[in-house]
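This report concerns only the one structure given below.
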């Protein structure tokens with residue numbers, strides 16, 4: 001299986017973003033296959049990773065466990081923040097892929113923010 005195929009099939013990936021000083025910050029996140037060759041993640045809109053992606057769209061991805069233990073090859077990618085429609089698309093896909101756990105995360109976001117308080121990030125390898 002190639003690295004892109006591994007990432008598309010993974011349940012979690014280790015997303016690494018970069019601070020202003022170049023130091024890496026890694027976080028395990030849910031991953032979704034997106035249309036075309038892209039992948040997508042869904043995260044809170046005010047997280048550090050979103051701030052770092054807005055400043056520098058270079059990221060790395062590697063399949064991992066829920067705790068972040070890397071299971072495969074690390075690849076470089078570029079990230080872009082999705083539109084509101086794309087974020088809703090990602091939220092629906094999270095419900096399909098992650099079931100009750102996905103529902104609890106999305107419901108928590110809705111209760112906290114009174115709206116879907118996250119954004120989809122699309123990743124191109």
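Going by the conditions given, is residue 78 surrounded by fewer than 18 Cβ atoms within 10 Å (Cβ to Cβ), in contact with a strand residue (DSSP E or B) (Cβ under 6 Å, 6 or more places away or on another chain) and either modelled with pLDDT under 80 or more than 16 Å from residue 50 (Cβ to Cβ) (or both)?
Numbers: surrounded by fewer than 18 Cβ atoms within 10 Å (Cβ to Cβ): yes; in contact with a strand residue (DSSP E or B) (Cβ under 6 Å, 6 or more places away or on another chain): yes; either modelled with pLDDT under 80 or more than 16 Å from residue 50 (Cβ to Cβ) (or both): no.
No: the conditions fail for residue 78.
Quick check on this structure: which one of 40, 34, 9 is closer than 12 Å to residue 90 by Cβ and at pLDDT below 95? Walk me through how you get there before you give the answer.
On the way: 40 fails: at pLDDT below 95; 9 fails: closer than 12 Å to residue 90 by Cβ.
None of the others qualify; the one that does is 34.
Could you please let me know if residue 102 is at pLDDT below 95, surrounded by 12 or more Cβ atoms within 10 Å (Cβ to Cβ) and in contact with a helix residue (DSSP H, G or I) (Cβ under 6 Å, 6 or more places away or on another chain)? Spell out the reasoning first.
Values: at pLDDT below 95: yes; surrounded by 12 or more Cβ atoms within 10 Å (Cβ to Cβ): yes; in contact with a helix residue (DSSP H, G or I) (Cβ under 6 Å, 6 or more places away or on another chain): yes.
When the stated conditions are applied, residue 102 passes them.
Output the number of residues of region 51-66 satisfying the condition of being closer than 17 Å to residue 19 by Cβ and either at pLDDT below 95 or assigned to a strand (DSSP E or B) (or both).
Of all residues in region 51-66, those closer than 17 Å to residue 19 by Cβ come to 51-60.
The next check asks that each one be either at pLDDT below 95 or assigned to a strand (DSSP E or B) (or both); those that pass are 58-60.
Residues in region 51-66 being closer than 17 Å to residue 19 by Cβ and either at pLDDT below 95 or assigned to a strand (DSSP E or B) (or both): 3 in total.
Restricting to region 39-70, name every residue that is in contact with a helix residue (DSSP H, G or I) (Cβ under 8 Å, 6 or more places away or on another chain) and surrounded by fewer than 18 Cβ atoms within 10 Å (Cβ to Cβ).
Once the filter is applied, which keeps residues that are in contact with a helix residue (DSSP H, G or I) (Cβ under 8 Å, 6 or more places away or on another chain) and surrounded by fewer than 18 Cβ atoms within 10 Å (Cβ to Cβ), region 39-70 yields only 44.
The values are calculated or read from the model by the stated rules, or taken from the named source; none is laboratory data. These figures come from a predicted structure and were not determined experimentally. Reconstructed Cβ throughout: ideal geometry from the backbone, glycine too, with neighbour counts over all protein chains shown.
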